[in-house]
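Asker: Dropping a structure here in structure tokens format, bear with me for questions.
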Amino acid sequence: MAVTETAQKRLDQDESLYKKRHSLAHVMAEAVLEIFPNAQIAIGPPVDNGFYYDFGLPRPLSEEDFPAIEEKMREIIRTRSPFVREVVDKKTAREVFAGQTYKLAILEALPEDEEISLYRSHNFVDLCRGPHVEDTSRLDPTSFKLAKVAGAYWKGDEKNAMLQRIYAWAFHSRKDLETYQHQLEEAEKRDHRRLGKELDLFHLDPENPGQIYWHPAGWAIWRVIEDYIRTKIRLAGYQEIKTPSVMPQSLWERSGHWAKYKDNMFVSESEKRLFALKPMNCPGHIEVFKQGLKSYRDLPLRLAEFGSCTRNEASGALHGILRVRGFVQDDAHIFCTEAQIESEVKSFCDLLREVYADFGFQNDSILVRLALRPELRLGDDATWDKAETALGNACRAAGFDFVTAPGEGAFYGPKLEFTLIDALGRGWQCGTIQLDYQMPSKERLDAEYVAEDGARHNPVMLHRAILGSLERFIGILVEHFGGAFPVWLAPVQVVVVSVAEDFNAYAQKVAVRLNTLGFRAEADCRDQKMGAKIREAQLRKVPYMLVVGANEEQAGSVSLRTRTGEQKNGLSQAEFEEWLTAKVTQKERVGNSGATLSASSGAPVLAWPPIFCPSRSTPRSWSGGTGGEKPRA
């Protein structure tokens, strides 16, 4: 399927960087072999933000070894050596890699008659399918940096030998590398786990891995987002439902999930029957659709749920609230006819754009991928052709550019994946819409409607989510805004600071008034100095502080301080309330831009160009329902 010119340009840039990283991995392997001639080389793929290579070495490496390896890499780059592909038989390949234990092990796993692809450059040869740059002159010797060394079991199996894995960062240029290093520094400051503790948003218990304990401030953010999404989908024609968290083995077998995802389910037995906590919501939504005979006049039927899901993720894969075991999706399934597919997908894309814009992500911060048919799939090619064409056309009609991802669709249908680029240039795959002819079919869960001709047909089902996991989305927002949420999302929007005990009653009156109007306000009437109270509110990243004393009480006014240090004295309560209402209604991004006493919002704090280079080793999503990605870091 063709992609647009802009999408193709981005795809070409990603492919170019992939080749550079892959080529630098070979250069690093050669450099290590020159320093350690008896080294055993294993594998060295490109990954997000760089590459790595695994080695068996005569001694442990440390970062003190990095300068020598980097300098040797630069020497190799300066030779302007070409990367030359050779195709040989297995016997020849064994001779080339004589003495290299891990390369020989890879060769032995291949069929005897298979042709072997090698790449040679300078004094190095590797077992490799490519692709690579034309020659080492295409590599910027200042664009990479060795990052760390870590242990890695051969083939990831703890029963095998422990190798040493050297990780490196690599980009198109030195400028991009320096930007990325700066991003890492900022990312550490913005780490949602650290800010979650500092801002008292949530905590995680190591005895209950992957489950989140939300504190009042964090739950306030959750409720704001949930209420916001609930309003948006109600206005878009969705009906909200609630389905059980525990469902029987028989349902999961019919849906196809038992065979594919049993190991990722929490399973329990009751009265000699097996049940599972749901890892996804789609079978339950089909069961709701099947209650009562539906007519074509009932379609499209849009069923939404804040669905609580549980997946048995390995504890080592968990990461804060970004990758968890228990999570809630802003999930929905649209049951429609074939003729309604494109219009429903376009409507979803339009809704998704509106929602993302309200969270501060405009079109240039959204990347879209169309994931196409995988090798193992249900349905015939004609059905896949229709489905892929419909998704692509609807995406274009909604004004979104996209790239294609061959082989990465769900087993039941293609999908659009929406990735958000945050303030640090990192990509987070959040939204998705998946086109499914299979699960509602007679062979699976057999959902039916009566068509205009009186015959019964199976509807098409669209699995869709905008935010994905609410837990993960909140974690993304914490890091994107550095904890300084826009005023409409802030858990506490206003702190009213009393300058002395005599004015506590007035401070409380102002706070009660704001809460009555629907704002989230607190009165700070503690026996502390005004400056200390303001500093504490700023550390909590509260958007606005209202200072009240004798002048304010007498005039019925407030003096405004913002968390960014601006101030304006003598505002009437009505003026502040009107101004705050406008800020909340407009969803102004004060978390990024800082507050101003005007209606305009500024540019993000970090105005770097996005650096989003998905590697081919990036773990892919589940193929099992709406928002089916395993929450990822």
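Asker: Would you list Asp380, Asp65, Asp89 from fewest to most Cβ contacts within 10 Å?
Answerer: Sorted ascending by nearby Cβ count, the order is Asp380, Asp89, Asp65.
Asker: I want to check the label-to-label distance for Lys159 and Leu235. Put each point 7 Å from Cα in the C-beta direction and report it in nm to one decimal.
Answerer: Going by the 7 Å Cα→Cβ label model, 5.9 nm.
Asker: So how tilted is helix 174-190 from the main axis of the chain? Cα-based, degrees 0 to 90, rounded to 10.
Answerer: 50 degrees
Asker: Which entry is the computed volume of the Cα convex hull per residue in Å³ for this structure: [x] 233; [y] 199; [z] 191?
Answerer: [y]
Asker: Kindly state, to the nearest 0.05, the FRET efficiency for Asp364 paired with Arg138, given R0 = 22 Å and r defined as their beta-carbon distance.
Answerer: After rounding, the FRET efficiency stands at 0.20.
Asker: Sequence-distant or interchain residues sharing an amide H contact under 5 Å with Leu274, placed H: which?
Answerer: Gln249
Asker: Same structure, new question: If you find the alpha carbon centre of region 286-323 and of region 135-178, how far apart are they in angstrom?
Answerer: 39 Å
Asker: Which angle between 0 and 90 degrees, to the nearest 10, do you get for helix 530-539 versus the longest principal axis of the chain when only C-alpha atoms count?
Answerer: 30 degrees
Asker: Could you go through region 352-362 in sequence order and give the Karplus-derived ³J(HN,Hα) for each residue, using 6.51 cos²θ - 1.76 cosθ + 1.60 with θ = phi - 60°, rounded to whole Hz, and x for Gly and Pro?
Answerer: Here the 3J(HN,Hα) series is 4, 4, 4, 5, 4, 4, 5, 8, x, 10, 7 Hz.
Asker: Okay, next question. Each residue of region 218-234 in order: what ³J(HN,Hα) in whole Hz does its phi give by Karplus 6.51 cos²θ - 1.76 cosθ + 1.60, θ = phi - 60°, with x for Gly and Pro?
Answerer: Whole-Hz 3J(HN,Hα) from phi for region 218-234: x, 5, 4, 4, 4, 5, 4, 5, 4, 5, 4, 5, 4, 5, 4, 6, 4.
Asker: Related question: Take Asp502, Asp157 and order them by how many other Cβ atoms sit within 10 Å, fewest up front.
Answerer: Asp157, Asp502
Asker: Dipole size in debye (nearest 20) for region 494-586 around its Cα centre, Lys and Arg Cβ +1, Asp and Glu Cβ -1?
Answerer: 420 debye
Asker: Enumerate the lysines that Lys175 could reach by cross-link, defined here as Cα to Cα under 25 Å, with residues fewer than 8 away along the same chain left out.
Answerer: Lys9, Lys19, Lys20, Lys72, Lys145, Lys148, Lys189
Asker: Calculate the dipole size of the chain relative to its Cα centre from +1 charges on Lys and Arg beta carbons and -1 charges on Asp and Glu beta carbons; express the result in debye to the nearest 20.
Answerer: Computed charge dipole of the chain: roughly 500 debye.
Asker: Same structure again: Can you give me the long-range amide H partners of Gly307? Hydrogens built in the peptide plane at 1.01 Å from N, cutoff under 5 Å, separation of 5 or more residues or another chain.
Answerer: Gln329, Asp331
Asker: If you don't mind, another one. Write down the percent of antiparallel bridges among all DSSP beta bridges whose residues are both part of region 494-586, to the nearest 5.
Answerer: 45 percent
Asker: Here's something else I'd like to know. Among Ser23, Ser270, Ser365, Ser250, which comes first, then next, by fewest other beta-carbon atoms within 10 Å?
Answerer: So the residues, fewest neighbours to most, are Ser270, Ser250, Ser365, Ser23.
Asker: By average Cβ neighbour count within 10 Å, what is the ranking of 71-77, 540-546 from highest down?
Answerer: So the order, starting with the most tightly packed, is 540-546, 71-77.
Asker: Can you give the FRET efficiency for Arg80 and Leu539, using 1/(1 + (r/R0)^6), R0 = 51 Å, r = Cβ-Cβ distance, to the nearest 0.05?
Answerer: E(calc), rounded to 0.05, equals 0.40.
Asker: Okay, next question. Does region 121-161 come out rounded, prolate or oblate by the C-alpha gyration tensor, with a ≥ b ≥ c the root eigenvalues, rounded set by a/c under 1.5 and, if not, prolate when a/b is larger than b/c and oblate if not?
Answerer: Oblate.
Asker: Between Ala390, Ala507, Gly483, whose Cα lies farthest towards the positive end of the dipole of region 387-525 when Lys and Arg beta carbons carry +1 and Asp and Glu beta carbons carry -1, centred on the Cα centre?
Answerer: Ala507
Asker: Rounded to the nearest 500 deg cm²/dmol, what is the calculated helix-only ellipticity per residue at 222 nm for the chain, with -39500 (n - 2.57) per DSSP H run of length n ≥ 4?
Answerer: Calculated mean residue ellipticity at 222 nm is -10500 deg cm²/dmol.
Asker: Starting from the Cα-Cα distance between Gln567 and Ser117, subtract it from 0.36 nm times their residue separation and give me the gain in nm to one decimal.
Answerer: Value of the extension gain: 155.3 nm.
Asker: Between Val497 and residues 5 or more places away or on another chain, which pairs have amide H atoms under 5 Å apart, with H built 1.01 Å from N, and which residues are they?
Answerer: Distant-sequence amide H within range of Val497: Asp524, Leu546, Val547, Val548.
Asker: Can you compute 3J(HN,Hα) from phi for each residue in region 127-137, using the Karplus curve 6.51 cos²θ - 1.76 cosθ + 1.60 with θ = phi - 60°, rounded to whole Hz and x for Gly and Pro?
Answerer: With coefficients 6.51, -1.76 and 1.60, one gets 7, 7, 8, x, x, 9, 5, 5, 7, 5, 5 Hz.
Asker: A follow-up question, please. Can you pull the one-decimal nm distance between simple spin-label points at Thr516 and Glu198, each 7 Å off the Cα toward Cβ?
Answerer: Between Thr516 and Glu198, the label points sit 3.7 nm apart.
Asker: May I pose another question? Helix 470-481 against the longest principal axis of the chain: what's the angle in degrees, Cα atoms only, rounded to the nearest 10?
Answerer: Once rounded, one gets 80 degrees.
Asker: Further question on the same structure: Considering the dipole of the chain built from charges on the beta carbon (Lys and Arg +1, Asp and Glu -1) around the Cα centre, which of Phe359, Thr92, Tyr102 is farthest to its positive end?
Answerer: Phe359
Asker: Can you work out the PRE-style zone for Arg94? Point 7 Å along Cα to Cβ, and I want the residues of region 115-133 with backbone N under 16 Å.
Answerer: Only 115-116 pass the distance filter.
Asker: If you don't mind, there's one more thing I want to ask. Please give the charge dipole size of region 353-394, origin at the Cα centre, charges +1 on K and R Cβ atoms and -1 on D and E Cβ atoms. Round to the nearest 20 debye.
Answerer: The dipole magnitude comes to about 40 debye.
Asker: Follow-up. Of Ala42, Gln183, Leu378, whose Cα points farthest to the positive end of the dipole of the chain (charges on the beta-carbon: +1 Lys, Arg; -1 Asp, Glu; origin at the Cα centre)?
Answerer: Working it through, the farthest residue towards the positive pole turns out to be Gln183.
Asker: Note the full-extension length gain between Glu575 and Lys242 as 0.36 nm times their separation in residues minus their Cα-Cα distance, in nm to one decimal.
Answerer: That pair, Glu575 and Lys242, stretches by 115.7 nm at full extension.
Asker: Roughly how many nanometres apart are two label points built 7 Å out from the Cα toward the Cβ at Thr389 and Glu338?
Answerer: Between Thr389 and Glu338, the simple spin-label model gives 1.0 nm.
Asker: Please find the FRET efficiency linking Ala317 to Arg223, where r is the Cβ-Cβ separation and R0 is fixed at 30 Å, and quote it to the nearest 0.05.
Answerer: Efficiency for this residue pair is about 0.60.
Asker: Can you list which of the GluC sites (Glu not before Pro) found in region 247-340 are DSSP loop residues with at most 15 other C-beta atoms within 10 Å?
Answerer: Counting only loop positions with at most 15 other Cβ atoms within 10 Å, the GluC sites (Glu not before Pro) in region 247-340 are Glu271.
Computed from the coordinates by the stated procedures, all read-outs in this text should not be read as laboratory data. The model shown is predicted, which means the values in this text are computed figures rather than measured ones. Glycine gets a Cβ as well: all are built from the backbone with ideal geometry, and neighbour counts include every protein chain shown.
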